Amino acid sequence: MKYLIIGLGNFGSTLAQTLTDNGHEVIGIDHDSHKVEIIKDRIAFAYIMDATNSLALRSLPLTDIDCTVVAIGQSMDHSLRAVAALKQLKVENIYARALDTTHKSILEAMNISKIFIPESYAAKLFAEMFNSNSAEELL
């Protein structure tokens, strides 16, 4: 499958590298040149780009992408603008990272049904590990 990952911070870059390691083609974009430089040799394509700019996004092969992940984790504004630009370009299969429940509500209002809060998911996994007496594995 072909993935577009928008936002190459800790979460986005780890996701992009893991998908690549599992045999998928990944295009990663971020406005921060340093983040792009770090990952450029580990995924198929990495671009410095403002994902809130629909004209810039049009330069990508959006019709070939199977799944787009908006993994922006530092700015709700940038995340929402990126999602809006993708929706304007009629991109389907958008997964969006929410920073909190307010952000999630706004994404739901934008008809994004695939919304995730990585910190909540990770906390639930840790709680399950503690509950299953696997805490020694964490130490």
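The values are calculated or read from the model by the stated rules, or taken from the named source; none is laboratory data. Computed from a prediction, not measured in an experiment: that's the story for all the values here. Reconstructed Cβ throughout: ideal geometry from the backbone, glycine too, with neighbour counts over all protein chains shown.
A few comments on the model shown:
- Tally, over the stretch 59-84, of residues that are part of a loop (DSSP other than H, G, I, E, B) and surrounded by fewer than 16 Cβ atoms within 10 Å (Cβ to Cβ): 5
- Residue that is surrounded by the fewest Cβ atoms within 10 Å (Cβ to Cβ) [pool: residues in the stretch 1-58 that are free of Cβ contacts under 8 Å to residues at least 12 places away in the same chain and of a type in the set (A, V, I, L, M, F, W, C)]: LEU55
- Selection of the stretch 45-61 for residues being of a type in the set (Ser, Thr, Tyr) and more than 8 Å from ILE29 (Cα to Cα) yields THR52, SER54, SER59.
- Pick from the stretch 80-94, criterion free of Cβ contacts under 8 Å to residues at least 40 places away in the same chain and of a type in the set (Gly, Ala, Ser), ranking: nearest to ALA51 (Cα to Cα): ALA85
- Residues being of a type in the set (Lys, Arg), more than 14 Å from the chain's Cα centre (by Cα) and not in a helix (DSSP H, G or I) - total across the stretch 85-123: 1
- Taking every residue in the stretch 95-119 that is surrounded by fewer than 17 Cβ atoms within 10 Å (Cβ to Cβ) and pairing it with any residue that is among the polar types (S, T, N, Q) and not in a helix (DSSP H, G or I), at least 6 positions away or on another chain, the pairs with Cβ-Cβ distances below 8 Å are LYS114/ASN93.
- Qualifying residue in the stretch 5-17 (condition: β-branched (Val, Ile, Thr) and over 11 Å from the mean Cα position of the chain (by Cα)): no
- Condition broken by VAL91, with the remaining ones in (1) out of contact with any Ser or Thr (no Cβ under 6 Å at 6 or more places or on another chain); (2) modelled with pLDDT of 95 or more satisfied: (1)
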